[in-house]
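The values are calculated or read from the model by the stated rules, or taken from the named source; none is laboratory data. Every value quoted in this text rests on a predicted model; they were computed, and no experiment measured them. Backbone-built Cβ (ideal geometry, glycine too); neighbour counts: all protein chains shown. To get the accessible areas, we keep the full protein, side chains included, count just its heavy atoms, and leave off ligands, DNA and RNA. Shrake-Rupley method; radii C 1.70, N 1.55, O 1.52, S 1.80 Å.
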Amino acid sequence: MTVESTAARSKPRRSSGKRTTTSGTRKRPQSAARPELVQLLTPEGERVEHPDYSLDLTPDELRGLYRDMVLTRRFDAEATALQRQGELGLWASLLGQEAAQIGSGRALRDDDYVFPTYREHGVAWCRGVDPTNLLGMFRGVNNGGWDPNSNNFHLYTIVIGSQALHATGYAMGVAKDGADSAVIAYFGDGASSQGDVAEAFTFSAVYNAPVVFFCQNNQWAISEPTERQSRVPIYQRAAGFGFPGVRVDGNDVLAVLAVTRAALERARAGEGPTLVEAFTYRMGAHTTSDDPTRYRKDAEREAWEAKDPILRVRTYLEKEGLIDADWLSGLDRESDALAQRVREAIRTMPDPDTMAIFENVYADGHALVDEERVQFAEYMASFADEEGR
């Protein structure tokens, strides 16, 4: 905050109608102060209760959540390493968001339908999508790599926010069909500023669609912090569209599971949409083409590392005597085996047919496309001629 000179203080100021500090910056409105979030497991691994969200899990289920997060993080780390080694063109890491994805993913029923962004590797794991199938798009050999209808898990969506509309339309169809299932749409805090998301909120509310909007607020839309996008917490936006919103500790897998499960049950019961804001943190880069050290401080990342979603579950399980050294060693072996399988899969993944780019452009063919196909084939053949010399 700057200190004004005596001369400057003596001059009258014209009011701009805005509340400002002495540095001239606008104060954050009172409503934007961080509210309480739903939490069932503290960063220290202590189990707490919440009056609106209860959760009763067996020891096997608790261990299963921890296993899911550990294996998802290992897969993510391998994919990042493979990109650095030139095996992938790009990778969007989920580091730090494991609880938000595993908790919400395990809340789903088999007949629910998921519309992800490009970072929901943990949700894909919960839906039974083979992790190696997630790599094809990032390697550039296919447009997805899995059948969406086999696991009720749509292909990754790169266009920011568009999947919210897709999910809403699908949910409206589910309602018309009279199906007893729900739809969930994932998006980030950055996507919450997109018009597609606002339109999805409007349509879902008006048509009472059985959809859950799951916003992973990881604090950064690439290099833009959340406070530069919204004057109020994201979950509060739902009220303006006429449906409830809730903020949950996105690093607490138990709370995320409980909140998402309740939102899905509400949708299935015909009570319409819910906005869930999972308040979490992207501990890594936005993608492997990003350098987060240029726009955020190490102290911020270190503070969130102390809230690591995997560490808090492990601490809880150890305190309760639900895991021991032998169990953890077995998980380490399983993790290593997964990493090895991922490395082998990416290096043996076949390249796509280079001529396939000309297919399905026009239903009945086109003279210009035919001409371009011939030219490209001749161009590719020229490399073979040079190698044969």
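If the condition is being surrounded by fewer than 14 Cβ atoms within 10 Å (Cβ to Cβ) and over 19 Å from A221 (Cα atoms), then the range 266-289 contributes A269, G270.
Restricted to the range 290-326, and to residues there that are in contact (Cβ under 8 Å) with a residue 24 or more places away in the chain, more than 22 Å from D249 (Cβ to Cβ) and loosely packed, with under 14 Cβ neighbours inside 10 Å, the residue that is nearest to the chain's Cα centre (by Cα) is Y295. Any residue that is among the β-branched types (V, I, T), within 22 Å of V38 (Cα to Cα) and modelled with pLDDT of 95 or more - is there at least one of those in the range 191-199? Checked the range 191-199: no residue is among the β-branched types (V, I, T), within 22 Å of V38 (Cα to Cα) and modelled with pLDDT of 95 or more. As a summary of the residue check, V141 satisfies the conditions (1) in contact with a Pro (Cβ under 6 Å, 6 or more places away or on another chain); (2) more than 27 Å from V259 (Cβ to Cβ); (3) crowded, with 22+ Cβ neighbours inside 10 Å except for the one numbered (3). Within the range 34-57, residues that are among the aromatic types (F, W, Y) have Cβ atoms under 8 Å from residues that are surrounded by 13 or more Cβ atoms within 10 Å (Cβ to Cβ) and not in a loop (DSSP other than H, G, I, E, B) in these pairs: Y53/V38; Y53/A255; Y53/A258; Y53/V259; Y53/A262, counting only partners at least 6 apart in sequence or on another chain.
Being closer than 30 Å to A81 by Cβ and of a type outside the set (D, E, K, R) is the filter; apply it to the range 346-382 and report the residue that is surrounded by the most Cβ atoms within 10 Å (Cβ to Cβ). Only one residue tops the list, namely I346. Report, by residue number, each residue of the range 152-163 that is open to solvent by 40 Å² or more (accessible area, probe 1.4 Å) and not β-branched (V, I, T). Across the range 152-163, the qualifying residues are H154, L155.
The set of residues in the range 222-243 that are touching a helix residue (DSSP H, G or I) at 6+ places or on another chain (Cβ under 6 Å) and not in a helix (DSSP H, G or I) comprises Q229, R231, V232, G242, F243.
Tell me yes or no: at least one residue of the range 49-66 is among the polar types (S, T, N, Q), surrounded by 15 or more Cβ atoms within 10 Å (Cβ to Cβ) and farther than 25 Å from A345 by Cα. No, the range 49-66 has no match at all.
Answer yes or no: is there a residue in the range 233-242 that is polar (S, T, N, Q) and surrounded by fewer than 22 Cβ atoms within 10 Å (Cβ to Cβ). Within the range 233-242, one or more residues are polar (S, T, N, Q) and surrounded by fewer than 22 Cβ atoms within 10 Å (Cβ to Cβ).
Between R343, R333, the distinction of being open to solvent by 30 Å² or more (accessible area, probe 1.4 Å) and more than 30 Å from G45 (Cβ to Cβ) belongs to R343 only.
Applying the condition of being touching a Ser or Thr at 6+ places or on another chain (Cβ under 6 Å) and open to solvent by less than 10 Å² (accessible area, probe 1.4 Å) to the range 78-106 and asking which residue is nearest to D177 (Cα to Cα) yields S104.
For the range 79-98, enumerate the residues that are over 11 Å from the mean Cα position of the chain (by Cα) and either of a type in the set (K, R) or not in a loop (DSSP other than H, G, I, E, B) (or both).
Passing the criteria: A79, T80, A81, L82, Q83, R84.
Against the test of being at pLDDT 95 or above, outside any loop (DSSP other than H, G, I, E, B), over 30 Å from R228 (Cβ atoms) and in contact with a Pro (Cβ under 7 Å, 6 or more places away or on another chain), the options A258, A262, A267, A337 yield a single qualifying residue, A267. Residue count for the range 40-78, restricted to those that are out of contact with any strand residue (DSSP E or B) (no Cβ under 6 Å at 6 or more places or on another chain) and assigned to a loop (DSSP other than H, G, I, E, B): 15. There is no residue in the range 164-184 that is among the small types (G, A, S), surrounded by fewer than 24 Cβ atoms within 10 Å (Cβ to Cβ), modelled with pLDDT of 95 or more and within 24 Å of E98 (Cα to Cα).
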